[in-house]
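What follows is calculated from the coordinates using simple rules that are stated; it is not laboratory data. For clarity, every value in this text was computed on a predicted model and none was experimentally measured. So basically every Cβ, Gly included, is an ideal-geometry build from the backbone, and we count neighbours across all protein chains shown.
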């Protein structure tokens, strides 16, 4: 008797579960958020997908830069078995789309009004031939300067707002026995500083013409020579042992008070937070000198692959929708230190740096100060990016820094890669 | 009954035939998987890389052929030129220093000294380390703010300066130092084995003729070790050309790209920058460099065999 009852109730239960089960699919997500705040951020997404009845298949490949992950992804994609979503960013999205691997997300975008939520410059990066193929997850601002207020006070200087103020302050800091600028001599870090200086000298319009449109008239110009000259001057305040140093070691120098400032994207905030410091009081975040009101963005995104299974592609669409929902945007970005990609978000739960970042983000999206970061692959293909890196890093590390020659080299290098 | 008796005889005959067949086929069967694996894993992929180097492949292989475009691009590339020059400096110095240090150590150890076994192990031990470990340790030792220079400053020698690791003109020599440290013990072992193989009667005869010990080594023993020299140079040249992990661990090609070697260039372009065509072209040139060393060597080896 009781067994019959149990069977019946089991039937009833499965019947009630049936509708959900039909739509439930599996999303396999390739990412390299495997440590610290990033891992927590990824876990939040997993929980939200499972709450909707889908199965989450983690395809995490460790290795911060994601090179290992890309190799695995290429193999999977070529063999016709791609994951639902993969952490691909910047212009590489277009490369994948061009090869026909990515799916069209226009219906999800339409239903959820992505075009109204996301600034057009960022939406463009997510689109291929006008169709959404990827979802933006967060926005990092790259043109930040991080400073130790105690060190500034000891040397009797204010936080510099322009490049000239920076040189004056740095001279005083040097005289007081501090390293003015903490930096790691790795190509991408050299490019990160170069990019901030370029934006300060050229302004967003010429910056975009040079590094997004690759307009030779701007790349091979006296203006670019000025950029290189100023860049050399900024880099002269870096200590001689910077070669090969990791960015977080440089941040640690600011935290320990050996160095005064660092020009780095807002992921540096994680290091300050981990050291138990509060923004505004124990450390200062401000726009890189001369780039107030301007915003170089670095956006993480998931590119969505073309799938054959219908349930799985439904799950994939739910994933795309969930990523841009306010709940996830808040949880994720608070864990990772970036800001939401939606401009309509309530920022009250975020720290002061993130709030300032959001304000500039919205304003610059209106007035054209919002430009993609080439140092982080948002402006150019990885080939052009690599060519720029080579010229910039070679320039910094040569004994005889000749801006005119570097400008010629930059023009030749970009031309060769186009 | 007959049935039962008959069966063992047949069974006995069949296994012998089977065993005979097996004996004939077993070696081939055992070798076959290796053969196939080597054929696919090495030679087929070599050919594939060669094919890719003539295409415009970017981040996935595509097969639109562009002739020697990638090679032309490579020759125009400053970074490739730096990498090639670096390989010349690194390879040349590395092979030379390893040979000199290895021979000298081997000769010293050959003087029937006490604790030879222990000393030999100490010198050979660096070879047991992975290049990554070697690179990381030397990076720390040579880093001016961390290692040797700081130590000297802390001990009061404040004018001491050794900043090769962070100086883009000198950084390549720090790689040579680390690589020589790692490999010279191995060269020593090769030569020691060679020295032990020299007939002691020759040495005694030379002694009787009144030759001094250095003279004996220089004019008699070392010339007789020519095959060992060849093997050592071959092995070292291989290590030099494919050097990748040491550079990645020590400088990651920096400062700038001043310590780039062709292998690092190939990896960066094929995998990080999505320039498979260009990367393949550089890989083919590296293969060419190895063949240029290997073919004369094999030729002389094979010719030598025929004389015997």
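For helix A:310-323, what angle does its Cα long axis make with the longest principal axis of chain A, in degrees from 0 to 90 and rounded to 10? For A:310-323 against chain A, the angle is about 40 degrees. On full extension, the segment bounded by residue B:56 and residue B:20 gains 7.6 nm, given 0.36 nm per residue less the C-alpha separation.
Rounded to the nearest 10 degrees, the inclination of helix A:403-417 to the longest alpha-carbon principal axis of chain A is 30 degrees. Pick from A:151, A:108, A:135: which residue has the top mean-square fluctuation in a GNM of chain A where Cα pairs under 10 Å get a spring? Comparing A:151, A:108, A:135 in the GNM, the peak value goes to A:108. Summarising the overall dimensions of the protein assembly as shown from its C-alpha atoms, the Rg and Dmax are 31.9, 114 angstrom. Ordering B:236, A:91 from the fewest to the most neighbouring beta carbons within 10 Å gives A:91, B:236.
The three principal axes of the Cα atoms in chain A give end-to-end lengths of 91, 46, 37 Å, sorted in falling order. Distance between Cα centroids, the stretch A:144-194 to the stretch A:229-262: provide it in whole Å. About 8 Å separates the Cα centre of the stretch A:144-194 from the one of the stretch A:229-262. Panel note: the C-alpha atoms of the stretch A:210-296, placed on their principal axes, show extents of 48, 31, 19 Å (largest first).
Residue order for B:284, A:70, A:264, fewest other beta carbons within 10 angstrom first, comes to B:284, A:70, A:264.
All alpha carbon pair distances within the stretch A:171-259 were sorted into 10 Å bins beginning at 0; the resulting P(r) in whole percents reads 17, 41, 28, 13, 1. Roughly what angle does helix A:326-336 make with the longest principal axis of chain A, taking Cα atoms, 0 to 90 degrees, to the nearest 10? Helix A:326-336 sits at roughly 50 degrees to that axis.
Comparing Cα centroids, the stretch A:288-317 and the stretch B:190-219 end up 72 angstrom apart. The spacing between the stretch A:338-358 and the stretch B:62-134, judged by their C-alpha centroids, is 52 Å. Classify the stretch A:63-128: rounded, prolate or oblate, from the alpha-carbon gyration tensor (a ≥ b ≥ c, eigenvalue square roots; a/c under 1.5 rounded; otherwise prolate if a/b is larger than b/c)? The shape class here is prolate.
Two numbers describe the Cα atoms of the stretch B:197-308: Rg and Dmax, which are 21.5, 68 Å. Going by a ≥ b ≥ c, the root eigenvalues of the Cα gyration tensor, does the stretch A:260-401 fall in the rounded group (a/c under 1.5), the prolate group (a/b larger than b/c) or the oblate group? Note, shape of the stretch A:260-401 comes out oblate. Classify the stretch B:149-229 from the C-alpha gyration tensor, please: rounded if a/c falls under 1.5, else prolate or oblate depending on whether a/b exceeds b/c. Prolate, because a/c is 1.5 or more and a/b exceeds b/c.
Cβ crowding within 10 Å ranks A:54, B:153 as B:153, A:54, fewest other Cβ atoms first.
Modelled spin labels at residue B:157 and residue B:111, positioned 7 Å past Cα toward Cβ, are 2.6 nm from each other. Computed over Cα pairs, the Kirkwood radius of chain B leads via Stokes-Einstein (1.306 mPa s, 10 °C) to a diffusion coefficient of 67 µm² per second.
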